[in-house]
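Below: the structure, in structure tokens.
Every read-out reported here was derived from the displayed coordinates using simple, explicitly stated rules and does not represent laboratory data. Keep in mind the model is a prediction, meaning the values are calculated, not measured. Note: ideal-geometry Cβ built from the backbone for every residue, glycine included; neighbour counts use all protein chains shown.
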Amino acid sequence: MTASVASTASSPGRPQALTLLGSTGSIGTSTLDVVARHEQYRVFALTANDSVDVMLEQCRRFQPRFAVMVNEQAADRLARACRSEGLAVEVLAGSDALIDVASHPEVDTVMAAIVGSAGLAPTLAAVEHSKKVLLANKEALVMAGDLFMGAVARTGAVLLPIDSEHNAIFQCLPPESRLAGSANPHPGVRRIVLTASGGPFRDAPLEVLATVTPAQACKHPNWSMGRKISVDSATMMNKGLELIEACFLFGVGPDLVDVLIHPQSIVHSMVEYVDGSVIAQMGSPDMRVPIAHALAWPERMSSGAAFLDLARAGALEFSDPDLARFPCLRLGMEAAREGGTAPTILNAANEVAVASFLAGRSRFTDIPVIIAGVMAQMTCRSADSLDIIQQADAQARELAQAFCDRN
Ligand code: NAD
Ligand code: MG
């Protein structure tokens, strides 16, 4: 089905009311930067885990009606600070409040930019309430894709991808089939090509990978991002998650999606058609571009990003990924082919392994070993209820933690 934006967009003259889930993070702050450039948006709610100082500054500047802190002590501190400054912001605490502000009847658009599985419940709530949902939180879709896309088709929520590759694919697909939940097969499309920078270790000698530090892994050559996605980019699990994300968003099998290394991150992805035409979307590597695209869709508006200067960009290179160097990408491809709860298990094990690496308890090269170990021990089932997904997620986390503790 093709959902209509009119069902969620604000009426003419009234600003669009936004809830930003994960407003203090990299995507959250880029979103607020874009929003501040345009008058047609009103920030209804901001949410964060525990970053009080950043949230207080955002409350001063954007005057939301609600600010949610998942951490209760952080919520107390924020509430005291808002009161002492006379800010008319209602501070809410706990993860249930995320669901309340994502599904509130006054909200038109929800930016889903929490990192990891914590974003699933509020993002799904926004879909269930037929909001326009801008999806950055790929883990939510990877862990519960069938359920999530079923809810999009049932409710007519408008789901627009923020991940730069998926936003690019959205722009390159035929207009009649690009919306998530569309019943149309993609006419004339031969394959989708997901580009990947290859991260900071694309050419590093293999023997140094075991001693890589979190600071080195988080230093991405082209993008400035949160720590978890930076590690995912360094292992290329990010591209494995994105392959699964593309399959769910665009209703295609993994065999229709290829991964291509493109170190410059200028071509954000491509769609190849049966006549040999390839349509690519290009732009500066700046997340404000896909954010502005999705916020304004189906119109266009400025993003604040630098315009692309191809004469000075230098050569654009492309090559096949090396699956021996990036075993996490291979694991992502396997989970995409297996389907059912395999992506849920992959995602959960990866979240635990990355947290352990960032905490200095596991090596960079342990990450794929932990995930492969968990995947080998668990039996996949069809992922048709939230119960099954939550069980698979919990069991995978427990097993992954046991692997981390053993190392
Ligand atoms: P980040 O770590 O910078 O920010 C995460 C946000 O989520 C913060 O506001 C934090 O307070 C909040 N948060 C963290 N844990 C939480 C919890 N348990 N409950 C509620 N809120 C919590 O992350 P980011 O880089 O902005 O990435 C956010 C999402 O967007 C991720 O899913 C990532 O894969 C995706 N994404 C990011 C980029 C990028 O350029 N940063 C690009 C594409 C996709
Ligand atoms: Mg991406």
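Below, the figures for the structure above:
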read-out	value
Shape call, the stretch 324-375: gyration tensor on alpha carbons, a/c limit 1.5	oblate
Global form of the stretch 135-195, assessed from the alpha-carbon gyration tensor, a/c cut-off 1.5	oblate
Relative contact order %, the chain, counting alpha carbon pairs below 8 Å whose residues are six or more apart	15
When the chain is reduced to its Cα atoms, the Kirkwood hydrodynamic radius in Å	21.5
Sparse-neighbourhood loop sites, chymotrypsin sites (Phe, Trp or Tyr not before Pro) in the stretch 9-82 - DSSP loop, at most 11 other Cβ within 10 angstrom	none
The stretch 37-177 - percent relative contact order, Cα under 8 Å, separation 6 or more	16
Nearest-20 debye value, the chain charge dipole, Cβ charges on Lys, Arg, Asp, Glu	580
Convex hull of the stretch 202-310 built on C-alpha atoms - directionally averaged projected area, nm²	9.3
Euclidean distance between Cα centres, the stretch 327-355 to the stretch 216-239, Å	17
Contour minus Cα-Cα distance for N184 and D100 (0.36 nm per residue)	26.9 nm
All lysines inside 23 Å of K219 as judged from Cα atoms, apart from same-chain residues fewer than 8 positions distant	K138, K228, K239
Cut-off 12 Å between beta-carbons: net charge of the residues surrounding V35, Lys and Arg +1, Asp and Glu -1	+2
Counted charge near P161, where neighbours are those whose Cβ lies closer than 11 Å (Asp, Glu -1; Lys, Arg +1)	-2
Per-bin percent of Cα-Cα distances, the stretch 281-328 [5 Å]	5, 16, 18, 15, 12, 15, 12, 6, 1
Additional length obtainable on full extension of the chain from A311 to Q377, 0.36 nm per residue less Cα span	18.6 nm
The stretch 296-339: GluC sites (Glu not before Pro) falling in loop per DSSP and having at most 12 other Cβ within 10 Å	E299, E317
Mean Cα-pair separation over length for the stretch 193-344, i.e. relative contact order, pairs under 8 Å, 6 or more apart, %	29
Within a Gaussian network of the chain (alpha carbon springs, distance under 10 Å), most fluctuating of A294, A313, A383	A313
Dimensionless Rg over Rh [the stretch 97-232; C-alpha; Kirkwood]	1.04
Among H220, H38, H166, residue whose mean-square fluctuation peaks in a GNM of the chain (springs only between Cα atoms under 10 Å)	H38
Phi to ³J(HN,Hα) by Karplus 6.51 cos²θ - 1.76 cosθ + 1.60 over the stretch 50-65, Hz, x for Gly, Pro	8, 7, 5, 5, 5, 5, 4, 4, 5, 5, 4, 7, 10, 6, x, 6
Potential lengthening between A88 and L206 on full extension [0.36 nm per residue; Cα-Cα distance subtracted]	37.0 nm
Rounded FRET efficiency, nearest 0.05, which uses the C-beta distance separating D405 from T213 and R0 of 25 Å	0.75
Cα gyration tensor shape for the stretch 37-119, rounded if a/c is under 1.5, else prolate or oblate	oblate
Residue with peak Gaussian network fluctuation, the chain [Cα springs, cutoff 10 Å], from S382, S84, S302	S84
Loop-resident sites, the stretch 95-157, for GluC sites (Glu not before Pro), counting at most 15 other Cβ within 10 Å (DSSP)	E106
Whole-percent pair-distance distribution, where bins are 5 Å wide, for the alpha carbons of the stretch 274-407	2, 9, 14, 13, 11, 12, 14, 13, 8, 4, 1
